[in-house]
Amino acid sequence: MNKQSAPPGVAPGTPPVLQLRGIGKFFPGVIANKDVDLDVWPGEIHALLGENGAGKSTLMNVVTGIYQPEEGEIILDGYGQTFTAPQEAIRAGIGMVHQHFKLVQAFTVAENIHLGWDEAPRIASPAVMEARTREISERFGFPVRPDARVCDLSAGEQQRVEILRVLARKARLLIMDEPTAVLTPEETGELFRALKAFRAQGNAVIIISHKLDEVMEISDRVSILRGGRKVGTFNTADCNPSMLAATMVGRDIVRRNMRARPEGAAPIAPDPVMQLRNVSVRDDRGVETLRDVSLDLHGGEILGIAGVAGNGQRELTHVLTGLMARTSGEILLDGSLVDRADPALFARAGVGHIPEDRLRSALAPSLSVTTNMALREYPYPPIGTHGLYDAQAAGVLARDIAELAQVTIPDFAMPIRNLSGGNQQRLVARREIRIASRVLVAAYPARGLDIGAIATMLGYLTDLRDQGVAVVFISEDLEDLLNVSDRIGVMFHGRLMSVIDAEAADMATIGLLMGGRDAAGTQPGATQ
Amino acid sequence: MAARAFQRLPSAPAGRILVLRLAAIVLSLFIIAGVLALSGHSPVTLAELILRSTLGSRFGLEDLALFMCPLLLTGAAVTVCGTIGLWNIGAEGQFYAGAIAATGVALGLHGPAVVLLPIMTIAGILGGMAWITVPTLARAYAGVNEIITTLLLNFIASLLTYYLTTGPWRDRISGAQVSTQRLPVAIPEMWGIVHWGFPVAIVIVVGLALVLSRTRWGYEIRIGGANPEAARYAGIPVRLRIISVMLLSGALAGLAGMFEVAGTVHRLQGGMANNFGYLGIVVAVLARGSCLNVIPAALLMALILDSGIVMQTQQLSASVVLAITGLILFMIAIGDELAHYRPVASTTPKGKAS
């Protein structure tokens with residue numbers, strides 16, 4: 001019924017390499033994929049587009065046998081297949097190159113290529129493995145140094161090792177998750193040339209990307225996912241970046257204006273409480289993860305930060321809270337320069353921080369609820385006086401926080417990991433709000449919460465704003481961002497693309513900026 | 001798919017652990033009795049003898065206290081280090097370093113005990129701290145695994161002790177082998193042969209428990225051990241805390257060495273640490289990270305050691321004693337693990353099999 005004819009260039013009667021029919025995959029409370037159909041033909045580079053959480057990764061995990069779908073079927077070369085383990089997908093010729101490379105850093109390239117490969121010789125000296133690797137490398141046209149250790153390689157070289165590892169296992173369908181995210185433009189060019197050569201041999205590639213111009217450049221067709229369902233498949237030649245971006249984010253958004261201030265609310269302070277001036281951050285690989293960001297935070301205002309995750313939001317959060325040292329640029333708190341990254345100093349200055357991964361970085365899961373609630377206030381009276389720690393005062397504080405967060409806690413001495421994730425989140429939020437007298441940096445504070453809890457969380461943010469606190473609200477959810485933010489900045493590749501007035505913002509513009517394209521009508525880098 | 005009748009909980013209630021440990025000890029005693037009976041010993045006679053020479057007599061209790069004294073301190077040394085998530089495997093070496101430093105003072109300076117003993121105490125503490133300094137700095141500044149560095153320094157300290165006791169510091173008066181002469185001063189005795197180091201060790205352990213639970217420093221150590229990332233997030237200077245904790249740990253083990261040399265043995269002898277440093281690790285594991293628990297754990301360990309000595313007088317070899325120690329600890333470990341499981345009502349598995 002849903003028969004699609006082979007594209008030109010494919011011999012008639014040739015079945016698609018991969019056909020998905022009605023794929024559905026559900027997690028508790030979440031529909032990750034539903035009714036997804038997809039055809040990938042031999043000799044095709046197929047791009048998969050979608051927001052974070054649109055279901056791309058889940059779909060690819062289904063195709064590579066990491067997940068088993070609850071509904072639908074996978075058809076390879078015309079024959080139905082079920083994969084109960086990733087090894088079966090590899091044997092069937094499906095290879096995946098993950099965004100975060102799965103290489104053993106301390107091993108050589110040759111050792112990594114042969115790792116867990118059933119065709120590897122049983123007894124292999126380094127020389128044999130290196131010779132085999134050299135041969136594979138020449139056969140597929142991906143130059144590598146077989147005797148080099150992976151930890152000494154650049155990101156592009158590591159990616160070539162990953163690809164070779166997949167190709168050596170006779171993959172005919174190569175799936176690449178955000179392959180260019182870590183590459184330099186030259187390396188990207190090399191990768192694309194190699195992918196085209198791979199395609200020319202009658203193989204297929206699925207490429208997941210957020211970079212719309214790269215999708216336009218490399219792909220033959222584009223499929224777009226939204227909310228776990230496929231919106232459509234288009235010939236790339238018929239598309240343009242704006243149309244792709246709009247299709248990607250173009251769901252119905254309920255705009256509720258939470259920007260209106262109640263009477264007596266603090267106005268937006270004219271002088272910024274915190275300023276970033278041309279702040280850049282490099283990670284230990286030397287990659288710029290935050291590029292030349294300038295930003296003013298004003299009391300009584302919510303600044304939303306939109307963008308696909310992994311575009312510098314984490315770095316921005318850490319710089320704003322003193323957890324990460326900047327490589328260049330200036331940070332000003334109340335107009336005076338802050339010369340070192342010291343989270344205690346920022347906390348003392350009234351900067352609260354709801355981090356993205358609360359359990360990992362804001363809580364000590366094995367310690368008691370009380371101990372965890374004291375994390376921000378233990379140095380100060382009434383808990384900390386004369387170097388002591390008053391457990392009773394900490395208990396009082398914990399009770400206060402739990403009451404405000406409306407979390408019922410049977411026993412404050414039990415480890416905090418015994419609480420549900422949502423309750424942990426609320427407790428952290430209230431704990432941070434308590435110390436956020438000047439600034440609150442909230443990274444994805446509503447993630448993982450149900451609708452009622454999200455409304456509560458957004459209410460916390462607007463309450464703080466009305467008290468004159470500067471709120472930085474980082475989220476992927478455009479609906480939430482548009483509803484509470486006064487201004488919205490969009491991050492892309494570590495750059496703050498633009499800061500726009502939320503009232504006037506429209507989805508298409510934000511979508512374009514999220515895809516790294518400057519929209520007409522907004523000044524790039526504007527901060528005022 | 002069969003319903004699982006047991007579920008593993010991330011944390012086990014303390015009462016349950018206690019019950020299962022007692023069961024483990026009783027069970028191991030039965031096994032030991034069985035094996036001894038098979039090898040021709042009378043378990044009843046042996047048990048009677050052991051009880052009489054440990055808990056059942058004043059002399060036995062004094063012996064127990066002397067065994068407990070170093071175990072309390074090395075156990076506390078390992079526990080306090082474990083609070084920040086690090087393993088001090090080098091209490092043995094720090095013990096020797098403390099003993100050597102204290103001996104050096106006793107042999108080199110002359111004066112009344114009231115003057116010498118405090119100096120020896122300080123020297124013992126500094127000796128232990130000095131011995132852990134390199135592992136501490138390597139850990140704090142270069143991320144070098146402290147388990148390896150502290151362990152390797154044990155052998156150096158032990159050999160250094162042999163060198164001193166057979167070389168420059170050998171006993172020239174009575175000609176005792178691998179030993180210095182008897183020290184001119186000793187920690188005074190308070191109850192039979194039990195010296196004042198024992199109550200001091202108890203006070204130190206209780207004090208440490210209070211410091212860890214009732215001071216800002218202790219709070220920061222606990223957070224740093226439970227989640228270093230959260231500690232960084234809260235602005236706790238984790239590196240400084242690591243340095244202070246490791247030095248404290250070394251100081252405790254060094255103090256144990258000083259107590260042993262000045263209170264119990266009265267000489268520096270080769271091999272005198274008697275595995276107290278390593279047994280401190282066992283004590284700490286038994287104490288499950290709580291300083292107060294170090295006291296009963298050290299008592300149990302002292303009981304085992306003391307019983308071992310009694311058994312050796314009954315023609316049982318030292319290896320049998322070691323095997324028994326191992327069996328008891330092994331059973332306790334199983335008991336601890338079982339304490340994490342609780343039975344769940346067996347229900348049909350929910351959801352469809354996929």
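The values are calculated or read from the model by the stated rules, or taken from the named source; none is laboratory data. Because the structure is a prediction, the values reported are computed rather than measured. No Cβ is skipped: glycine too gets one built from the backbone with ideal geometry, and neighbour counts run over all protein chains shown. To get the accessible areas, we keep the full protein, side chains included, count just its heavy atoms, and leave off ligands, DNA and RNA. Shrake-Rupley method; radii C 1.70, N 1.55, O 1.52, S 1.80 Å.
Quick check on the range B:221-244. Is at least one of its residues of a type in the set (A, V, I, L, M, F, W, C) and more than 14 Å from chain A (Cβ to nearest Cβ)? For the range B:221-244, residues of a type in the set (A, V, I, L, M, F, W, C) and more than 14 Å from chain A (Cβ to nearest Cβ): present.
Pairing residues of the range B:333-354 that are within 14 Å of chain A (Cβ to nearest Cβ) with residues that are modelled with pLDDT under 55 and part of a loop (DSSP other than H, G, I, E, B), at Cβ distances under 8 Å and at least 6 apart in sequence or on separate chains, gives B:353/B:1. Among the residues of the range A:394-405, the one identified as in contact (Cβ under 8 Å) with a residue 24 or more places away in the chain and either open to solvent by 70 Å² or more (accessible area, probe 1.4 Å) or among the aromatic types (Phe, Trp, Tyr) (or both) is A:404.
Residues in the range B:138-176 that are more than 30 Å from residue B:79 (Cα to Cα), touching a Lys or Arg at 6+ places or on another chain (Cβ under 9 Å) and without any contact (Cβ under 8 Å) to a residue 12 or more places away in the chain: B:173, B:174. Note on the range A:142-156: residues that are open to solvent by 50 Å² or more (accessible area, probe 1.4 Å) and either touching a Gly at 6+ places or on another chain (Cβ under 7 Å) or over 19 Å from residue A:99 (Cα atoms) (or both) total 4.
Of all residues in the range A:168-189, exactly one satisfies the criterion of being in contact with a Pro (Cβ under 9 Å, 6 or more places away or on another chain) and either at positive phi or assigned to a helix (DSSP H, G or I) (or both), namely A:188.
Taking the condition in contact with a Leu (Cβ under 7 Å, 6 or more places away or on another chain) and either buried (at least 24 other Cβ atoms within 10 Å of the Cβ) or not polar (S, T, N, Q) (or both), does residue B:109 pass? Yes. Of all positions in the range A:1-20, none carries a residue that is modelled with pLDDT of 90 or more and within 24 Å of the chain's Cα centre (by Cα). Can you pull out the residues in the range A:296-329 that are in contact with a Pro (Cβ under 6 Å, 6 or more places away or on another chain) and without any contact (Cβ under 8 Å) to a residue 60 or more places away in the chain? Of everything in the range A:296-329, those that are in contact with a Pro (Cβ under 6 Å, 6 or more places away or on another chain) and without any contact (Cβ under 8 Å) to a residue 60 or more places away in the chain turn out to be A:322, A:323. Within the range A:459-478, is even one residue over 19 Å from residue A:320 (Cα atoms), open to solvent by 30 Å² or more (accessible area, probe 1.4 Å) and outside any helix (DSSP H, G or I)? Checked the range A:459-478: at least one residue is over 19 Å from residue A:320 (Cα atoms), open to solvent by 30 Å² or more (accessible area, probe 1.4 Å) and outside any helix (DSSP H, G or I).
Okay, residues lined up against (1) of a type in the set (A, V, I, L, M); (2) in contact with a helix residue (DSSP H, G or I) (Cβ under 6 Å, 6 or more places away or on another chain); (3) more than 14 Å from chain A (Cβ to nearest Cβ):
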{"residue": "B:179", "(1), (2), (3)": "no, yes, yes"}
{"residue": "B:193", "(1), (2), (3)": "yes, yes, yes"}
{"residue": "B:196", "(1), (2), (3)": "no, no, yes"}
{"residue": "B:207", "(1), (2), (3)": "no, no, no"}
{"residue": "B:218", "(1), (2), (3)": "no, yes, no"}
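Looking only at residues in the range B:87-97 that are within 15 Å of the chain's Cα centre (by Cα) and surrounded by 24 or more Cβ atoms within 10 Å (Cβ to Cβ), the one that is farthest from residue B:178 (Cα to Cα) is B:88.
Residue check: is residue A:444 under 15 Å from residue A:401 (Cα atoms), buried (at least 18 other Cβ atoms within 10 Å of the Cβ) and of a type in the set (Ser, Thr, Tyr)? Considered against the rule, which asks whether it is under 15 Å from residue A:401 (Cα atoms), buried (at least 18 other Cβ atoms within 10 Å of the Cβ) and of a type in the set (Ser, Thr, Tyr), residue A:444 comes out as no.
Number of residues in the range A:368-385 that are more than 16 Å from residue A:430 (Cα to Cα), crowded, with 20+ Cβ neighbours inside 10 Å and facing chain B (nearest Cβ under 9 Å): the value is 2. The set of residues in the range B:9-67 that are closer than 29 Å to residue B:199 by Cα, of a type in the set (Phe, Trp, Tyr) and modelled with pLDDT of 90 or more contains only B:67.
Yes/no matrix, rows are residues, columns are (1) out of contact with any helix residue (DSSP H, G or I) (no Cβ under 7 Å at 6 or more places or on another chain); (2) outside the structural domain of residue A:55 (by TED's automatic domain parsing); (3) in a helix (DSSP H, G or I):
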| site | (1), (2), (3) |
| --- | --- |
| A:198 | yes, no, yes |
| A:202 | yes, no, no |
| A:210 | yes, no, no |
| A:224 | no, no, no |
| A:237 | yes, no, yes |
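Looking at the range A:310-319, can you tell me whether even one residue there is open to solvent by less than 10 Å² (accessible area, probe 1.4 Å) and hydrophobic (A, V, I, L, M, F, W, C)? Among the residues of the range A:310-319, at least one is open to solvent by less than 10 Å² (accessible area, probe 1.4 Å) and hydrophobic (A, V, I, L, M, F, W, C), which makes the answer yes. Criterion applied to B:214, B:170 was being closer than 30 Å to residue A:365 by Cβ, at pLDDT below 95 and either buried (at least 17 other Cβ atoms within 10 Å of the Cβ) or not hydrophobic (A, V, I, L, M, F, W, C) (or both), and the one residue passing it is B:214.
Figure legend. Inter-residue proximity from the range A:483-495: first residues open to solvent by 10 Å² or more (accessible area, probe 1.4 Å), second residues at pLDDT below 90 and part of a strand (DSSP E or B), beta-carbon distance below 8 Å, spacing 6+ or different chains. Indicated pairs: A:486/A:501; A:487/A:499; A:487/A:500; A:487/A:501.
Just to be sure before I move on: is residue B:192 within 24 Å of the chain's Cα centre (by Cα), at pLDDT below 95 and either farther than 24 Å from residue B:76 by Cα or not assigned by TED's automatic domain parsing to the domain that holds residue B:263 (or both) in the structure I sent? Taking the combined requirement at face value, the residue satisfies it.
Among the candidates A:273, A:287, A:281, the residue that is outside the structural domain of residue A:46 (by TED's automatic domain parsing), among the β-branched types (Val, Ile, Thr) and surrounded by fewer than 18 Cβ atoms within 10 Å (Cβ to Cβ) is uniquely A:287. All of (1) open to solvent by less than 90 Å² (accessible area, probe 1.4 Å); (2) under 25 Å from the mean Cα position of the chain (by Cα) hold for residue B:19 with one exception: (1). Residues considered: B:8, B:16. Of these, the only one that is among the basic types (Lys, Arg), in contact with a strand residue (DSSP E or B) (Cβ under 7 Å, 6 or more places away or on another chain) and in contact (Cβ under 8 Å) with a residue 12 or more places away in the chain is B:8. The single condition among (1) within 10 Å of chain B (Cβ to nearest Cβ); (2) in contact with a strand residue (DSSP E or B) (Cβ under 9 Å, 6 or more places away or on another chain) that residue A:390 does not satisfy is (2). Number of residues in the range B:219-234 that are in contact (Cβ under 8 Å) with a residue 40 or more places away in the chain and open to solvent by less than 10 Å² (accessible area, probe 1.4 Å) equals 2. Checked against the criterion of being touching a residue at least 24 places away in the same chain (Cβ under 8 Å), in contact with a helix residue (DSSP H, G or I) (Cβ under 7 Å, 6 or more places away or on another chain), over 24 Å from residue A:441 (Cβ atoms) and away from chain B (no Cβ under 11 Å), the range A:350-367 has no qualifying residue.
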